[in-house]
Amino acid sequence: MAAAPVGPGSDVVEHADVQALAFHAHKHHLHAAFVPLTFADRAAAGAWLADVASRVSRSGPGGRAPDERVQVAITGDGLRALGLPPETLDAMPQELMDGMASRARLLGDVVDELDRPVGWSLPAPGRALHALLLLYARTPPARDDLLERELGLLPAGVVAHPSELSDALRDREHFGFADGLSQPYVVGQLKDRLPGQDVIATGELLLGYRNAYGRYPETARLPGVGLPGDDLGRNGTFLVFRKLEQKVGAFWRYFEDQAVALGGGVTADWLAARAMGRWRSGVSLVHAPDVDPAPATPPPGANDFRYVDDDPMKDDRHGLRCPIASHVRRANPRDARGGTPAESLEVVKRHRVVRRGRSYGPAVAPNEAAALSPDADAGRGLYFLALGASIARGFEFIQQTWLTSVGFHGTHRERDVIAGGGPPDGEEPRSLTIPARPVRLRLHGVPRFVHTRGGAYLFLPGLRALAALARWAASPP
Amino acid sequence: MPPPRSTALTVVAPIIPARRDALAAALAEIASDLDGSDGENHVLPLGVLPRTHFIRWVIVDDRARELPPVLAMEANIDGPVDAYLRDLAAVAADGMDRLFGCCVGYPAGGARDVLAFTRWMRRHARRAEAFYCAYRDVPKAQVDNDRKVHDAIREIVDARRAELATLPPRRVMERIRAEVRARAAADGLDLSPQPDDDDRFARAFRRTVAAAVAGGLVALPALLAVAPLAAATLRWKETRDRPAVFPHPVRDRSGLQHDEDFIVQNQLTNVVDVKPGWFRYGLLRAVLYGIDRLARTYYVHGHLGGITSIHFARWVIVPDPRPWRPLARRRHRLLFFSNYDASWESYLGEFVDRAAGGLTAVWSNTEGFPRARWLKEDGADDEEAFKNWARSIQIPTQVWWSGARYSTTQNVIDDVWIRRRMERDLSDQEIEAWLLRL
């Protein structure tokens, strides 16, 4: 029999027990390093966790943030390596315990005949990935310094893989588009709600709180290490980490070629915006279907829009402004998922994630991208980071049911051409339908611009839980 | 000529215990090469089956190990069962013998003894208590044809887009029509005009409502008399129900997920005991009867109570084969077969999001379901418990074949809608709507 959830009725977030990353994007810490780790020795791993826990950043009210930020997340294999009891491991979500690689086919990644992902370098073949150390600092030297110090503190039994270093945080991803605009507002977060931000329950992000169904999800218990209610989950969340390589040159070359082929004043910018669902500035095509009104920065309210409107001049249910199959519309269909707009918004709120992505590799200006040689068109992309209390209902659902689905909302045999993956190139042409009058336009045989290079599902424990894990691994009761 | 009706054929036959392994091997051989294109499937290449939308074979073992295992075949077909069985005997006699030959009492002459075969199959056919299709009474041949017509239209629009974009809508449609007609003979496309079936279903729905009202009026005194007692009984039973407890997420230990997410659709086979006694059994059948009436007359175009992802689904009751047992100790089992679009997570999510009441009304009459109130309240509202319960009663499906591997329900409905209007005189507004849907 499961113990009653801790603290029903008390939905006041215990920020001091939550790792900062859950509520803070560390936007002032422009430079990040992600260090994959293997626990070669259990006691050493416990000792290291106990040590690093004192440096882990916790959520809290504003003010000047410390110059460094440290977060720690652990994979399903990592929890096993810490020697947690079977009852605890069994109570962790299946997708965490199976690991991201086992879900590659479902996610639309390229797989071999045994469903193993192809083209992954993270973790390196044959190496176990047990934990991820996330380090953030304000400048590259400060980041390198922090990284060096943290690596120096690793005991012999905790082995670091090559570090993954981010590029300086910008508000654009490598294709040149404003990114991260439609973050949800999580009840209990410290920052104010922005216009158009949808409100999701605390329990959609954090374990131990009421979720979108008004329930407290079951969480894993770890007895005998002093956790309140033995609750290992409380104030924790799950982290999806993916390394996505972006072929920026191929992307812009493709859209430039298509624009030339189509003629009639169509530009690469216009076409790429149809695929993305917004202009590079971040302005939605719902607001401005024909030209980008604000090429420089996303204006306030760029995220404040709906697809369905009683006023036919504003309505976009057919996707004549923002194509139904476009990336941002698939990733967050808002009020156009089906049923009434209100029903749709309710359903969509159950499938939202908090994103914490960072780019890696040198930035390239969109107007120079098409000239990149194949050699130079490599080694750049996105560390996709997403947080949520259910990987299956959040990230995987969005990836599988909205982005990768070939029948999303009545589209015909198309996947998201940005992140939808799908079968290997050539097996089934990827296409994008752009609704128009009198007849739609369709891009056919769109190449893959985004290639998954690896990743992991991780548990981002609360501070108490992190200390408890350390205690358990160092000396299980 | 009216179209053939969508038909649910379910055959459930007890397996000879000594033949269970042979049966499993035969099913595995089919599964390794469903349509026989790799030359590995010498049992039953499924591509030859006529008028079949989806078909599956499942070995249903009894987890309590009290009841003999049964082989269930779920076929979604067009037209009468007898004609279909005769066709099966004609094109797949050896395969039928390999599979059903492992079952108790299969005719010695096999499927080549057509009369004995059809009689045996009919004897083991179980009525679907409720049967839903997203495109009711659209025959398989039409699903295929209309998809080809739509594909042809899409190719034409792709190839001629620059030119078409300069024309007024009516001219665009005329151009498309002329080009499709020119291809029709060579590509074997059927463009013959066809009416919409909305009116027919609307009439059937009105008849159903009228019958329900009339029946309700006739039975009103009796209903009023038993209603308080029935309601009290229901609540009393609900408070005493014992929902299954899942202290942690139900692990998929049978590799169910390994078989999922290869094509547009997935399948689901559930088996669960009906709660003992006549009250729950009667209530379950009444609820399913209501769903069946609605599915035949109202939910005929694309959704079942708001769930858009199901192509075909049915509920079948397999009665306890031990009639000598007292009623309270007999185990009637409820089988549920679904052929749905997209992922398990999205399908179950759609259940909870859009139809929690309806499915609680069905499955709260079965063992282990999350606690319900007033038959349809609570229950599946507990999303986590419901998904755990649903995974816990799901069983592996040994052979599953889809005849529409790349089409969602909405795709099929669009294809049919577009084809039906191809050769019609449409208003300007209708033409705009038609073009928007390509």
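The values are calculated or read from the model by the stated rules, or taken from the named source; none is laboratory data. Everything numeric here is computed off the predicted structure, so don't read it as measured data. For neighbour counting, all protein chains shown are included, and Cβ atoms are generated from backbone atoms with ideal geometry for every residue, glycine included. Just so you know, the surface numbers come from the protein's heavy atoms only, side chains and all, with ligands and any DNA or RNA stripped out. Shrake-Rupley method; radii C 1.70, N 1.55, O 1.52, S 1.80 Å.
Things to note:
- Scaling against 2.2 N^0.38 Å puts the C-alpha radius of gyration of the range B:1-48 at 1.57.
- Here's the picture: charge each Lys and Arg Cβ at +1 and each Asp and Glu Cβ at -1 in the range B:198-402, and of B:ILE395, B:LEU284, B:VAL362 the one pushed furthest to the positive end of that dipole is B:LEU284.
- Evaluated with a Cβ-only charge set (Lys, Arg +1; Asp, Glu -1), the range B:6-126 carries a dipole of roughly 540 debye about its Cα centre, given to the nearest 20.
- Restricting the calculation to alpha carbons of the range B:198-402 gives Rg and Dmax of 18.1, 54 angstrom.
- Coupling constants for the range A:20-27 follow from the phi torsions by the Karplus curve (6.51 cos²θ - 1.76 cosθ + 1.60, θ = phi - 60°), and in residue order they are 4, 4, 4, 10, 10, 8, 6, 5 Hz; glycine and proline get x.
- For A:VAL354, the residues whose amide H sits under 5 Å from its own are A:LEU387, ignoring neighbours fewer than 5 places away on the same chain, with H placed 1.01 Å from N.
- The range A:107-142 and the range B:141-165 have Cα centres lying 42 Å from one another.
- The distance separating the Cα centre of the range B:180-259 from that of the range A:227-269 comes to 40 Å.
- When accessible surface is computed with a 1.4 Å probe, chains B and A are found to bury approximately 4100 Å² between them, both chains counted.
- Amide hydrogen proximity for A:ILE434: with H placed 1.01 Å from N in the peptide plane, the residues at 5 or more positions away or on another chain lying under 5 Å are A:LEU441, A:ARG442, A:LEU443.
- Counting all C-alpha pairs of chain B, share separated by more than 42 Å (%): 21 percent
- Fraction of alpha-carbon pairs over 21 Å apart in the range B:278-355 - percent: 40 percent
- Value of Rg to Rh for chain A (Rh from inverse mean 1/r over Cα pairs, i.e. Kirkwood): 0.96
- If you count Lys pairs in chain B whose Cα atoms are under 18 Å apart, skipping same-chain pairs closer than 8 places in sequence, the total is 5.
- Think of each Lys and Arg Cβ as +1 and each Asp and Glu Cβ as -1; about the Cα centre, that makes the dipole of the protein assembly as shown roughly 2240 debye.
- Largest mean-square fluctuation among B:THR233, B:THR308, B:THR269, in a Gaussian network model of chain B whose springs join Cα atoms under 10 Å apart, belongs to B:THR233.
- Each Cα pair under 8 Å and six or more residues apart adds its separation to the average, and for the range B:295-438 the resulting relative contact order is 19 percent.
- Rounded to the nearest 500, the 222 nm mean residue ellipticity of the protein assembly as shown from helices alone is -10500 deg cm²/dmol, with -39,500 (n - 2.57) taken per DSSP H run of at least 4 residues.
- Cα extents of the range B:6-126 along the three principal axes, largest first (Å): 37, 33, 28
- Per residue Cα convex hull volume in Å³ - calculated over the range B:113-228: 244 Å³
- Placing unit charges on the Cβ atoms of the charged side chains and taking the dipole of the range B:198-402 about its Cα centre, the candidate lying farthest along the positive direction among B:ALA232, B:VAL209, B:THR269 is B:ALA232.
- Shielding by partners, peptide A:398-406 (average Cβ within 10 angstrom, other chains): 4
- Computed from point charges on the beta carbon alone (+1 for Lys and Arg, -1 for Asp and Glu), the dipole magnitude for chain B about its Cα centre is near 1880 Debye.
- Considering only A:LEU206, A:GLY263, A:LEU82, and ranking their Cα positions along the charge dipole of chain A that arises from unit charges at the beta-carbon of Lys, Arg, Asp and Glu, the one farthest toward the positive end is A:LEU206.
- Per-residue HN-Hα couplings for the range B:220-236 [Karplus 6.51, -1.76, 1.60; θ = phi - 60°; Hz; x = Gly/Pro]: 3, x, 5, 4, 4, 5, 8, 4, x, 5, 4, 5, 5, 4, 4, 4, 4
- Residues whose placed amide H lies under 5 Å from that of A:VAL111, excluding near-sequence neighbours: A:VAL118
- Residue-normalised accessible area of the protein assembly as shown, expressed per residue, 1.4 Å probe, Å²: 40 Å²
- The value of relative contact order for the range B:198-402, using C-alpha pairs under 8 Å at least six residues apart, is 30 percent.
- Computed over the range A:179-279, relative contact order equals 13 percent, with contacts defined as Cα pairs under 8 Å that lie 6+ residues apart.
- The three principal axes of the C-alpha atoms in the range B:329-386 carry coordinate ranges of 39, 23, 17 Å, sorted with the longest axis first.
- A:SER182, A:SER284, ranked by accessible area, largest first (probe 1.4 Å): A:SER182, A:SER284
- The coefficient of translational diffusion for the protein assembly as shown, derived via Stokes-Einstein from the alpha carbon Kirkwood radius under 4 °C and 1.567 mPa s, stands at 43 µm²/s.
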